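The values are calculated or read from the model by the stated rules, or taken from the named source; none is laboratory data. The structure presented is a predicted model; accordingly, all values stated were derived computationally and were not measured. No Cβ is skipped: glycine too gets one built from the backbone with ideal geometry, and neighbour counts run over all protein chains shown. To get the accessible areas, we keep the full protein, side chains included, count just its heavy atoms, and leave off ligands, DNA and RNA. Shrake-Rupley method; radii C 1.70, N 1.55, O 1.52, S 1.80 Å.
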Amino acid sequence: MSNCGCTTEQKPAEVSVSGRDRDGIINPMYDCQPAGAQYAGIGIKDCIPLVHGGQGCTMFVRLLFAQHFKENFDVASTSLHEDSAVFGGAGRVEEGVLVLARRYPELRVIPIITTCSTEVIGDDIEGTIRIIKKALKAEFPEREIYLAPVHTPSFKGSHVTGYDECVKSVFQTIATKKTKPTGKLNVFPGWVNPGDVVLLKDYFKAMGVDATIFMDTENFDSPMLPSKAIETQGNTTVEDIADSANAIGSLALARYEGASTAKYLNESFEVPDYLVNTPYGIKNTDDMLRKISEVTGKEIPESLVRERGIALDALADLAHMFFANKKVAIFGHPDLVLGLAQFCMEIELEPCLLLIGDDQGRKYKKDPRIEELKNTAHFDMEIIHNADLWELEKRINAGLKLDLIMGHSKGRYVAIEANIPMVRVGFPTFDRAGLYRKPTIGYKGAMELAETIANTLFAHMEYTRNKEWILNTW
Amino acid sequence: MPMVLLECDKDIPERQKHIYLKAPDEDTRDFLPIANAATIPGTLSERGCAFCGAKLVIGGVLKDTIQMIHGPLGCAYDTWHTKRYPTDNGHFNMKYVWSTDMKESHVVFGGEKRLEKSMHEAFDEMPDIKRMIVYTTCPTALIGDDIKAVAKQVMKDRPDVDVFTVECPGFSGVSQSKGHHVLNIGWINEKVDTLQKEITSDYTINFIGDFNIQGDSQLLQTYWDKLGIQVIAHFTGNGTYDDLRCMHQAQLNVVNCARSSGYIANELKKRYGIPRLDIDSWGFNYMAEGIRKICAFFGIEERGEALIAEEEAKWKPKLDWYKERLQGTKMAIWTGGPRLWHWTKSVEDDLGVQVVAMSSKFGHEEDFEKVIARGREGTYYIDDGNELEFFEIIELVKPDVIFTGPRVGELIKKLHIPYVNGHAYHNGPYMGFEGFVNLARDMYNAVYNPLRHLAAVDIRDKSQTTPIITRGAA
């Protein structure tokens, strides 16, 4: 019997999982497969993805990346026109590759990314690649340019599956044989920001682990230099990818973004693959570090114990005073949303509405993190897969009370119209400055994200004159 | 040697026909860059697709219309959050996009049922909205879905709605331009003269080819109000679907953007005998000239002179302040097409700025005729410029500022060249008298931006000191 006066008989919390029940989408959460494939491609050094489709499939995606990172990334198009729709567009792939090879002498990788139109037309990409390889060999006998076929019709999946597909195809093209063991650890962090990549590198350095991050997007945050050099490109090299077959293991941090490549390396080269929960929050980061320690035999250093302690110390100032019982809706990539939901529960926020997904509902339903949320939630939670942002908006219109929304910038007007504080996280976050630089994973990421949540709530208390005086003394 | 083969184009020599360097005493008609021609695959062109020319540029501006995009989700995602065209009803047009979220099964079995259901859902979810434009995309065009038949059925089932269909998949034409054309011609064929509105003035116009970028249409509307001119329809800035059905009622078509919307003005002339008057809405001299022409047409010259005098008294001193400081600034313009000829002479006459290079994404040869006639000697005129060409041209002309899109803006930032958003503006509106002062201010703030001078400093170089950058207070 509780002695606090609260009732011990509670209705068990209900966690429901369902899909969008409309055919159409109002305000999509994700872009299409080719967009995700392009994102994977730009993570590779000396690589220009070639998108086989209409010009819009490339132009808008480059704009999207520029919006999020405030940087330019090079992606080429085959500029498909009517004649290709009638007679096939393989010739334009061939011409596109050769033009790229001639004008960009440092180019080493060209993922050839299909779109809905070229998949419907049925262009034979693999066959075309065989033809182009001969032409390249004849014209550039000294150069090896890897051409990876990436099948990403837009009428399947989303930019999440497109990312996964392109990473896998590039590895299948370049990592083709096992040679000398490197002793290195492959790390597939998924679709994260440069700030997260920097954090992971710091952790590996602190542990003394020689790790290669795929894709290494640290330089997606690149400087203005006196030399005017442009350094905005991925750091992952052909050699890094080729050597992935010789690693001691592959650690995947995102079930839907890169884990299939870790599996490929295991199946083809017996590089053991380990999938951990995406390291949002304390426990997930603990589990990741323990796994790294287990796989590499390296100890977790004092510095990370301290970083963890500092994070806990900061979170403890916020959780039960400001966050407890606050209702949160989260939308975005599945690995992000499920990870953030777990983190929210560590800091006493109540993630009552989770919006994930595309048409991959079957996969999401089997996700052990959803099972965990079902078992641990002490409040009602609705998980919607195949969701669009209208699912969020219409629930708010119908009276759902939320204290906080977490998600990417495409949902900004839902928060603005309903006057609900919103923390930008995920991709894209173009309406807030510099977020690509800030980690959201690991202990430091957890701390900084929680502090952003707190400051967002505080500002909202002030703007709405809602007990802002609480902060007179804190 | 007026047509220029750049070093970076030595492997694609056909590009020479697209780049013109204006020399003295030449009949420029002999040297017009080839335009509106197919892009070479793999060149990293800036072009978008026909679908976006219709949806994003023209249709999606309307403030009361559902934009149903029949295809995979990406075409909706990508044409959302990429424009700055507000409305006076809370920006309905910028908050939402709609997609039929086409899947593989629809590629096989057809997507018409999916479209029909999505249309009903959209009207059900947003019961106040009664107007819709349906667009095909690459895959739905390839499989041959009959969207007109579906629209007809939906209108039959819902007598209070009106639906317009646009069939221009991304692969049609060579650029956005094709989509402008398809929407223009479709609208006049199917929707003009299907509704009458109340005439409240003796002087009526359609204002055509202005998309309310950062409030352009709304600023110009204050002029029409002062002149006592009724605007029957704005095509399409801050416009409504039903106003556009009444375009046949106007006495005069005033055209700003001749490239995107000249077609409908021509058809209105042909079919309804409404004269077409082209004006330039950017720049003091041009705006005054435009107002004079419109007022002369209606015989209300004295009203026009009064308005011009009032506006000039208010804004000319501010303009002149900037002119004094921008004199001799070298500017490049890399935008869609018409802004090249709208701006080159107005920045020269009104601000003393020299335009030294211009590139058009989707202009036609008649656009180049205009811009070369208005532009300077020693200036480069480029059709469908690509990234390597931009680098080379920058070296040749060394611009102080470039008016272009945000992605290219991020690229040239690394070269210490500031950009001003030539599509969506930095802090507009830019049209009209007040607008041109805004443009001048944004250009001044870009050119006198201290950071670009600080970026050139190498702190390791002992012979250099970091300068203090001074500028005048505006």
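Look at (1) buried (at least 24 other Cβ atoms within 10 Å of the Cβ); (2) out of contact with any Pro (no Cβ under 9 Å at 6 or more places or on another chain); (3) closer than 28 Å to residue A:82 by Cβ and you find that residue B:188 fails only one, number (1).
Rundown of residues vs (1) in a loop (DSSP other than H, G, I, E, B); (2) crowded, with 20+ Cβ neighbours inside 10 Å; (3) more than 13 Å from chain A (Cβ to nearest Cβ), yes/no style:
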residue	(1), (2), (3)
B:20	no, yes, yes
B:37	yes, no, no
B:57	no, yes, no
B:74	no, yes, no
B:85	yes, yes, yes
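Could you list, in sequence order, all residues of the stretch A:65-90 that are within 9 Å of chain B (Cβ to nearest Cβ), in a helix (DSSP H, G or I) and open to solvent by 10 Å² or more (accessible area, probe 1.4 Å)? Correct list: A:67, A:82, A:83, A:85.
When the criteria are applied in full, residue A:109 meets the requirement of being open to solvent by less than 60 Å² (accessible area, probe 1.4 Å), in contact with a Cys (Cβ under 6 Å, 6 or more places away or on another chain) and of a type in the set (A, V, I, L, M, F, W, C).
Based on this model, can you work out whether residue A:249 counts as open to solvent by less than 10 Å² (accessible area, probe 1.4 Å) and either over 30 Å from residue A:125 (Cβ atoms) or assigned by the TED database to the domain that holds residue A:50 (or both)? In short, yes.
Of all the numbered requirements in (1) outside any helix (DSSP H, G or I); (2) open to solvent by 20 Å² or more (accessible area, probe 1.4 Å), residue A:459 misses one, and that requirement is (1). When the stretch B:125-143 is filtered for residues that are of a type outside the set (A, V, I, L, M, F, W, C), surrounded by fewer than 24 Cβ atoms within 10 Å (Cβ to Cβ) and more than 9 Å from chain A (Cβ to nearest Cβ), the ones remaining, listed by number, are B:127, B:128, B:130, B:131. Counting only helices (runs of 4 or more DSSP H) that sit completely within the stretch B:137-225, those holding 1 or more residues that are within 18 Å of the chain's Cα centre (by Cα) and closer than 30 Å to residue B:36 by Cβ correspond to B:176-190. Between B:366, B:389, B:324, B:377, the distinction of being farther than 26 Å from residue B:227 by Cβ, within 14 Å of chain A (Cβ to nearest Cβ) and not polar (S, T, N, Q) belongs to B:389 only.
Only one of the numbered conditions (1) touching a helix residue (DSSP H, G or I) at 6+ places or on another chain (Cβ under 7 Å); (2) surrounded by fewer than 22 Cβ atoms within 10 Å (Cβ to Cβ); (3) among the charged types (D, E, K, R); (4) more than 7 Å from chain A (Cβ to nearest Cβ) is violated by residue B:95, and that is (4). Sub-8 Å Cβ pairs linking a first residue in the stretch A:215-230 that is without any contact (Cβ under 8 Å) to a residue 60 or more places away in the chain and more than 11 Å from every other protein chain (Cβ to nearest Cβ) to a second residue that is assigned to a helix (DSSP H, G or I) and open to solvent by 50 Å² or more (accessible area, probe 1.4 Å), at least 6 apart or interchain, are A:218/A:198; A:218/A:201, ordered by first then second residue. For the stretch A:126-134, the criterion of a residue being assigned to a loop (DSSP other than H, G, I, E, B) and within 12 Å of another protein chain (Cβ to nearest Cβ) is satisfied by no position. When residue B:396 is tested against the conditions (1) assigned to a loop (DSSP other than H, G, I, E, B); (2) of a type in the set (A, V, I, L, M, F, W, C); (3) in contact (Cβ under 8 Å) with a residue 12 or more places away in the chain; (4) open to solvent by 40 Å² or more (accessible area, probe 1.4 Å), the lone failure is (1). Annotation note: of B:57, B:107, B:61, the sole residue that is closer than 21 Å to residue A:155 by Cβ and of a type in the set (A, V, I, L, M, F, W, C) is B:107.
Could you please find all residues in the stretch B:246-258 being assigned to a helix (DSSP H, G or I) and either surrounded by 24 or more Cβ atoms within 10 Å (Cβ to Cβ) or touching a residue at least 60 places away in the same chain (Cβ under 8 Å) (or both)? Listed by number, the residues that qualify are B:247, B:258. Residue B:473 falls short on exactly one of the conditions (1) of a type outside the set (Ser, Thr, Tyr); (2) assigned to a loop (DSSP other than H, G, I, E, B); (3) in contact with an Asp or Glu (Cβ under 8 Å, 6 or more places away or on another chain), and that condition is (3).
When each of B:316, B:345 is tested for being assigned to a helix (DSSP H, G or I), open to solvent by 10 Å² or more (accessible area, probe 1.4 Å) and in the same structural domain as residue B:446 (by the TED database), the lone residue that passes is B:345. The C-beta contact set for the stretch A:257-272 (first residue without any contact (Cβ under 8 Å) to a residue 24 or more places away in the chain, second residue in a loop (DSSP other than H, G, I, E, B) and open to solvent by less than 50 Å² (accessible area, probe 1.4 Å), distance under 7 angstrom, 6+ apart or interchain) comprises A:266/A:272. If you go through the stretch B:17-42 and keep only what is within 23 Å of the chain's Cα centre (by Cα) and β-branched (Val, Ile, Thr), you end up with B:19, B:34, B:39.
Those strands (runs of 3 or more DSSP E) of the stretch A:313-402 in which 1 or more residues are within 14 Å of chain B (Cβ to nearest Cβ) occupy A:327-331, A:381-385. The test for being facing chain A (nearest Cβ under 8 Å) and buried (at least 16 other Cβ atoms within 10 Å of the Cβ) holds for residue B:100.
Inside the stretch A:135-152, residues that are open to solvent by 10 Å² or more (accessible area, probe 1.4 Å) and either within 10 Å of chain B (Cβ to nearest Cβ) or not in a loop (DSSP other than H, G, I, E, B) (or both) make up a count of 7.
Filter the stretch B:149-181 down to residues that are within 19 Å of residue B:259 (Cα to Cα) and away from chain A (no Cβ under 13 Å) and give me whichever is surrounded by the most Cβ atoms within 10 Å (Cβ to Cβ). My answer is B:180. Only residues that are within 12 Å of chain A (Cβ to nearest Cβ), among the β-branched types (Val, Ile, Thr) and under 18 Å from residue B:282 (Cα atoms) were counted in the stretch B:393-427, giving 1. In the stretch A:45-64, the residue that is farthest from the other protein chains (Cβ to nearest Cβ) out of those that are in contact (Cβ under 8 Å) with a residue 60 or more places away in the chain and of a type in the set (Val, Ile, Thr) is A:51.
A Cβ distance below 8 Å, combined with a sequence gap of six or more or placement on separate chains, defines the contacts here; from the stretch A:422-438, residues that are within 11 Å of residue A:411 (Cα to Cα) reach residues that are acidic (Asp, Glu) in the pairs A:424/A:431. The single residue among A:235, A:246, A:284, A:325 that is on the phi > 0 side of the Ramachandran plot, polar (S, T, N, Q) and modelled with pLDDT of 95 or more turns out to be A:325.
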